[in-house]
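What follows is a short report on a single structure.
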Amino acid sequence: KQRGRGNWVRYAGGMERPASAHARLGGDLRRALDAAEFRIVYQPIVALADGRITGVEALVRWEHPEKGLVSPADFIPAAERTGLIVPLGRFVLRETCRQAAAWLAEFGPDLLDKAAPNVSVRQLHDPDFVADVDAALADSGLPANRLVLELTESAVLRGQHVSRVLHELHDMGVRLALDDFGTGESSLSLLRAFPAAIVKLDKSFVDGIELDEPDTPAAHARQAVARAVVQLADALGLETVAEGIENQEQADRLLRLGYAVGQGYHLGRPMPPEKLTEIFAARRVRAAA
Ligand code: C2E
Ligand code: MG
Ligand code: MG
Ligand code: MG
């Protein structure tokens, strides 16, 4: 490091290897959790026909004292590798339930229907996970049917134990969403085996959905997937959310294809909870007027 960036030196004994860089990040995450450096921002999930906020997705942020805001793409993988995702995920779950219960008490279910934290596969393997969810609901007073857990296809495919956990959560009344749908493996058989309520169409299928004449065969195929996913979801009685909507043309096209609900920068950025409280308060005033 003393030699500055871009200088390569041959490995010599006593120097750090990548493995210890990982260990360092792991230690930094641990410290950050103890120092309460993690924040949650919430992104609205919106009815495409009328703009009603049907839910919020909880997305974690790390306010690092030196590095500033760190994106989850940069630390969630390390948190999963080190196992720190379990306490971090527990924090996100508890805080999301607490915040959602507070919003529901203040504004009622017409302004906010449900809240959705992301859950990693490591959490599903944690023997306390179901009890943690139960406690987060009980302590916050959030009804189970207002909690949505977002899981990826690859997480859900991991065998008997995970399957049992998901059925237990389902039996508690918690709803499960398949995140980034279409990017993982074996999507179709999964939908029948897994007690999902919601399918989130990945952003990669929303990109270019507004084009009348997709310019490449790959773009054409992505549009076909977007159409097929909503038909399949309808047939199986699942709700859909289209992710990563960045303009009104995409929202219009998705609505016409049958997507009732969407999420994306065009509909609302991830934002601190105080900002959403302001939005709910303004909408309540408008509804009363
Ligand atoms: P995800 O669950 O698919 O979340 C959606 C991501 O897309 C978020 O990125 C969100 O900010 C971003 N996004 C939303 N609308 C748009 C859009 O219109 N355009 C673009 N370009 N992006 C959009 P974020 O917050 O950086 O999170 C990235 C991923 O990190 C999440 O993907 C999720 O897999 C993971 N993640 C975030 N928070 C948590 C957490 O608390 N626990 C776990 N296990 N994973 C998390
Ligand atoms: Mg998600
Ligand atoms: Mg997603
Ligand atoms: Mg995604």
Any strands (runs of 3 or more DSSP E) falling wholly within the stretch 31-125 and containing at least 1 residues that are within 15 Å of the chain's Cα centre (by Cα) and more than 21 Å from Val162 (Cβ to Cβ):
38-47, 53-64, 114-117
Of residues in the stretch 96-118 being small (Gly, Ala, Ser) and surrounded by 16 or more Cβ atoms within 10 Å (Cβ to Cβ), the one farthest from ligand 3 (Cβ to nearest atom)
Ala101
Hey, among Ala177, Ala233, which residue is under 15 Å from the mean Cα position of the chain (by Cα) and surrounded by 15 or more Cβ atoms within 10 Å (Cβ to Cβ)?
Ala177
Candidate set: the stretch 119-148, residues that are buried (at least 21 other Cβ atoms within 10 Å of the Cβ) and touching a strand residue (DSSP E or B) at 6+ places or on another chain (Cβ under 7 Å); chosen: the one nearest to Ala105 (Cα to Cα):
Arg146
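Quick one: in the stretch 200-215, of everything that is within 16 Å of ligand 4 (Cβ to nearest atom) and either of a type outside the set (Lys, Arg) or more than 27 Å from the chain's Cα centre (by Cα) (or both), which residue is nearest to Ala177 (Cα to Cα)?
Of the residues in the stretch 200-215, the ones within 16 Å of ligand 4 (Cβ to nearest atom) are 200-209.
Next, only the ones that are either of a type outside the set (Lys, Arg) or more than 27 Å from the chain's Cα centre (by Cα) (or both) stay: 201-202, 204-209.
Details: Leu201: 10, Asp202: 12, Ser204: 18, Phe205: 17, Val206: 18, Asp207: 21, Gly208: 24, Ile209: 22 Å.
Restricting to residues being within 16 Å of ligand 4 (Cβ to nearest atom) and either of a type outside the set (Lys, Arg) or more than 27 Å from the chain's Cα centre (by Cα) (or both), the top hit is Leu201.
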Yes or no: the stretch 205-227 includes at least one residue that is within 21 Å of Gln43 (Cβ to Cβ), free of Cβ contacts under 8 Å to residues at least 40 places away in the same chain, within 15 Å of ligand 3 (Cβ to nearest atom) and not aliphatic (A, V, I, L, M).
yes
Please go through the stretch 187-224 and pick out each residue that is touching a strand residue (DSSP E or B) at 6+ places or on another chain (Cβ under 7 Å), surrounded by 18 or more Cβ atoms within 10 Å (Cβ to Cβ) and among the hydrophobic types (A, V, I, L, M, F, W, C).
Ala196, Ile198, Val199, Leu201, Val206
Mind listing whichever residues of the stretch 189-199 are farther than 22 Å from Ala218 by Cβ and either in a loop (DSSP other than H, G, I, E, B) or modelled with pLDDT of 90 or more (or both)?
Phe194, Pro195, Ala196, Ala197, Ile198
Expected single match for among the polar types (S, T, N, Q), under 24 Å from Val121 (Cα atoms) and surrounded by 20 or more Cβ atoms within 10 Å (Cβ to Cβ) among Thr240, Thr183 is Thr240
The listed residue being out of contact with any strand residue (DSSP E or B) (no Cβ under 8 Å at 6 or more places or on another chain) and either within 28 Å of Leu169 (Cα to Cα) or within 16 Å of ligand 1 (Cβ to nearest atom) (or both), out of Tyr265, Tyr259:
Tyr265
Give the residue, chosen from Arg175, Arg94, Arg122, Arg192, that is touching a Gly at 6+ places or on another chain (Cβ under 9 Å) and either in contact (Cβ under 8 Å) with a residue 40 or more places away in the chain or within 21 Å of Phe38 (Cα to Cα) (or both).
Arg122
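The values are calculated or read from the model by the stated rules, or taken from the named source; none is laboratory data. Because the structure is a prediction, the values reported are computed rather than measured. Heads up, the Cβs are rebuilt from the backbone with ideal geometry, glycines too, and the neighbour counts pull from every protein chain shown.
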